[in-house]
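The values are calculated or read from the model by the stated rules, or taken from the named source; none is laboratory data. The structure displayed is predicted, hence computed values, not measured ones. Virtual Cβ from ideal backbone geometry, glycine too; neighbours counted across all protein chains shown. Heads up: the accessible areas ignore ligands, DNA and RNA and are worked out on the full protein's heavy atoms, side chains in. Shrake-Rupley method; radii C 1.70, N 1.55, O 1.52, S 1.80 Å.
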Amino acid sequence: MKKFFLCLFLMLGLAARAELQIDVSGAKREPIPVAIPYFISTDSNNKLARQITDVVVADLERSGLFRLVDRDAYIQRFTDIDTKPTFSDWQVINAHALVQGAVSTDPMRGQIQVSFRLWDVFAGTQMEAQVMTTKENMWRKMAHMVADSLYERLTGEKGYFNTAVVFVSETGGQKKRKKRLAIMDQDGENLKYLTDGKWLVMTPRFSPDMKEIAYFSFKNGKPKVYLMDLATNQERELGDFKGMTFAPRFSPDGKKMVLSLEKGGNTEIYIYDLNSKNMTQLTNHPAIDTSPTFSPDGKRVVFSSDRSGRQNLYIVPVSGGEPVRISFGEGSYATPVWSPRGDYIAFTKIWKGNFHIGIMRTDGSGERLITSGFLVDSPTWAPNGRTLMFYRKEPYSSWGFGGASSLYSIDITGYNEQKIKTPHDASAPFWSGQL
Amino acid sequence: MNRSFLCSVLLHVAVIGLLFINLPAFMRNRAEMVAVPVYIDLKDVQITAKTNLPPAKTEKKKTPPKEEKPAPQEKPKPIAPKPVQTQPEKKEVVPISDPAPKDAAKAVDTKPVVKPVEADKKPKTPPVSKPKPVQQEKKVKDTDWDSLLASVDAVKKKPAPMPLAQDEKETAGDEMNPAQKTTGASGLMNQPLTVSERDLIASKLRDCWNVDAGREGIETMIVQLRAFIGRDGRVRGVKILNMNDNPAFRSVAESARRAIYICDNKGDESPFKILSEQHPETYDIWKELFLRFNPVDGGIF
């Protein structure tokens, strides 16, 4: 009898865990269809509500990860943000996510308020809801922040829409090229020139706190690194060194800079302390060592050097030591930049007569070229470590025409290459952190 | 002016010269591509006795009798366990499936409410069903063949698709453990689906799943879910089993959950319809599906 009950007990245990198992591997890689009706205006300011919606939609679509479901297909119409969606109406048009938004203005205070809800249409659940308030003239920034919130909630990654880009704006022909520093939002809006083009400028870089820009200039015939205060547009020389300084970059904490210094025909990497004004030499080799970049934790520097006979990438600790080579492929490697996530290093590669933008892991493995052209150069990372911006230059014809230079963004998967609109030719972009 | 005229003349001469040289060569190549046919005088070929193949009349006579013999004998055997399975299903129908199918919109809203209720109900069914297979096993042994054949006739009226035949053949000879087959004990979790049915369901779910490939660490984000299916093949609820605080994993897990609902919304194309239409008698097994989603194509679980 005991054996019978023991068997019964065992059978009960076994049956309780009985279930069918199915494994699914692989998935589609398509933009997520999102329904975003025009944000509702709680007062008569429909134009502002539509402008904000357009900026949000443009940001999400430009990322390549989302696709707006055609508004003509919408069945349900909202009159306020508190109306719960009829999910079947959105499921039938295959909207995976739905955004409800509303905009209200306070003219007395000069403020606007944006509120939105994000719904998972097929699960029938609310994923996110936020209210934002700001000055009315900052409506575009607020739209970017809404896009960032939607992007983060749907992808799990940080957004990058509330960011800026500093670059070199170029005008004029091949022989009389005028180059000016310019700053704009990542979508090409709010463009502002920082210099007048009188002196040649190159390689602008934001400081981490976005208060300054470091760049290389031939001002007054003295080619060296300068710092510009973005609030006052005042510029100053970075130290007083014998030799030419160039390729500057700020450390992640903003307290130091890494740059190249050319002295007596030899170019080495130095670290400059902005507070103490001390200069510390990091490399010591007859080769040309240049294009240094800090790692996100500020403990290592990656740079380009031709000490092996042609340009390759090396990593050296900030505390000093022997640089370790990480690139071993064919061609020459230049302009390395460390991803803000710390997992990849982007670079420019010259190989088989063409330029390429590629990424590799920090140990040099997993090298992958994601775009190429006659001349593509100067990759810079978006703050989420997912998107790169670079510039592409077309060749000049024998008659001197062509040579157009434009900014492009691309996903690290190699997909979604998009041109960034600028009023003139552009080069040498640098992407800011989150504003 | 003279220089430009001279350049123009030189360029014209170069273009005309290239045409003069290359066009004939191009045409010549086309002519060369036409192969000259090889002519064989058939009168000179002699057919030897070895090439005279005998007529294949005797082969046709041999094959038909072999095909006829096994077919009628195999059919009755696999159907025998089915009457054993039908009895526990009747008691489980009422609390789960009735309200959901007609009102799709309401069912979507009530899904979060339905989930905990169904989760509570589940533990009740196994202790009820477990003793019965033991008792029914004895009944199978004690009943007459006539009553079995009668139930077989009743079951025959339902459509029996070909993939089922493989499972039936596997279980046909083993009448000693019908309990394990009917309740799907852990050692027999592959039943009642065939490999092709399982692959079809996985393939349809994959088509419904949309996930971003560029995420950091995507290869480690394997999502485990449990889907609760109604008798009509409609999804009653989905639960993510291994959710964590990682925002990226959360979005992948939610996309997997969304994929199940998207597939459910496809009506007759839903992968879960395969279960309700092809395997209604084993609802007890497939009413809860354990699903694992790996974003990497061909990924290992």
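The stretch between A:L435 and A:R310 holds 41.1 nm of extra length on full extension. This uses 0.36 nm per residue minus the Cα-Cα distance. Each Lys and Arg adds +1 at its Cβ and each Asp and Glu adds -1 at its Cβ; summed about the Cα centre, chain A shows a dipole of about 920 debye. Using just the helices of chain A, give the 222 nm mean residue ellipticity in deg cm²/dmol: DSSP H runs with n ≥ 4 each add -39,500 (n - 2.57), and the total is spread over all residues, rounded to 500. Rounded to the nearest 500, the figure is -4000 deg cm²/dmol. Return the carbon/sulfur percentage of the accessible area of the stretch A:185-235, one whole number, probe 1.4 Å, all protein chains in place. Answer for the stretch A:185-235 is 49 percent, counting heavy atoms of protein chains only. For A:S41, the residues whose amide H sits under 5 Å from its own are A:V103, ignoring neighbours fewer than 5 places away on the same chain, with H placed 1.01 Å from N.
Here the Karplus curve 6.51 cos²θ - 1.76 cosθ + 1.60, taken at θ = phi - 60°, turns the phi angles of the stretch B:208-218 into couplings of 8, 9, 10, 9, 6, 7, x, 5, 5, x, 4 Hz, with x standing for Gly and Pro.
Placing +1 on the Cβ of every Lys and Arg and -1 on the Cβ of every Asp and Glu, with no other charges, gives the stretch A:17-98 a dipole of roughly 120 debye about its Cα centre.
Subtract the Cα-Cα distance of A:T280 and A:N220 from 0.36 nm times their separation in residues, and report this length gain in nm to one decimal.
Fully extending the segment from A:T280 to A:N220 adds 18.9 nm.
If I model a spin label at A:V92 and B:L11 as a point 7 Å from the Cα along the Cα→Cβ vector, what separation in nanometres do I get? Spacing of the two 7 Å Cα→Cβ label points: 6.3 nm. For chain A, build the charge dipole from Cβ charges (+1 Lys, Arg; -1 Asp, Glu) around the Cα centre, then report which of A:S260, A:H424, A:I370 sits farthest towards its positive end. Most positive-ward Cα: A:S260. Using the Cβ-Cβ distance between A:S319 and A:D240 with R0 = 30 Å, the FRET efficiency computed as 1/(1 + (r/R0)^6) comes to roughly 0.70. Its Cα centre serving as origin, the stretch B:197-289 has a Cβ charge dipole (Lys and Arg +1, Asp and Glu -1) of approximately 260 debye. Positive contributions from Lys and Arg (+1) and negative ones from Asp and Glu (-1), summed over other residues with Cβ under 10 Å from the Cβ of A:E170, come out at +4.
Loop-located trypsin sites (Lys or Arg not before Pro) in the stretch A:331-374 (DSSP state other than H, G, I, E, B) with a sparse environment of at most 12 neighbouring Cβ atoms within 10 Å: A:K352. Here the Karplus curve 6.51 cos²θ - 1.76 cosθ + 1.60, taken at θ = phi - 60°, turns the phi angles of the stretch A:233-241 into couplings of 6, 7, 10, 9, 6, 8, x, 10, 10 Hz, with x standing for Gly and Pro. When all protein chains stay in place and ligands, DNA and RNA are ignored, the 1.4 Å accessible-area order of B:T282, A:T125, largest first, is A:T125, B:T282. Between B:T220 and A:K198, the FRET efficiency estimated from the beta carbon spacing at R0 = 51 angstrom works out to 0.45.
Excluding ligands, DNA and RNA, what is the accessible area buried between chains A and B, summed over both sides, using a 1.4 Å probe, to the nearest 100 Å²?
4600
Modelled label positions at A:A404 and B:S196, each set 7 Å beyond Cα in the direction of Cβ, lie 5.6 nm from each other. When the surface is traced with a 1.4 Å probe over the full set of protein chains, B:H12 keeps roughly 110 Å² accessible.
On the stretch A:281-435, 53 percent of the accessible area sits on carbon and sulfur atoms, based on a 1.4 Å probe. Using the Cβ-Cβ distance between A:D72 and A:T134 with R0 set to 30 Å, the FRET efficiency works out to roughly 0.40.
Rounded to the nearest 5, what % of DSSP beta bridges with both residues in chain A are antiparallel? Could you put the intermediate results ahead of the total?
Working: 110 of 117 bridges.
In chain A, DSSP labels about 95 percent of beta bridges as antiparallel.
Heavy-atom accessible area for A:M202, with the other protein chains in place and a 1.4 Å probe, reaches approximately 80 Å². The heavy atoms of B:V13 offer some 90 square angstrom of accessible surface to a 1.4 angstrom probe. For the stretch A:310-337, the residues whose amide N sits under 19 Å from a probe point set 7 Å from the Cα of A:N354 along the beta carbon direction are A:329-334.
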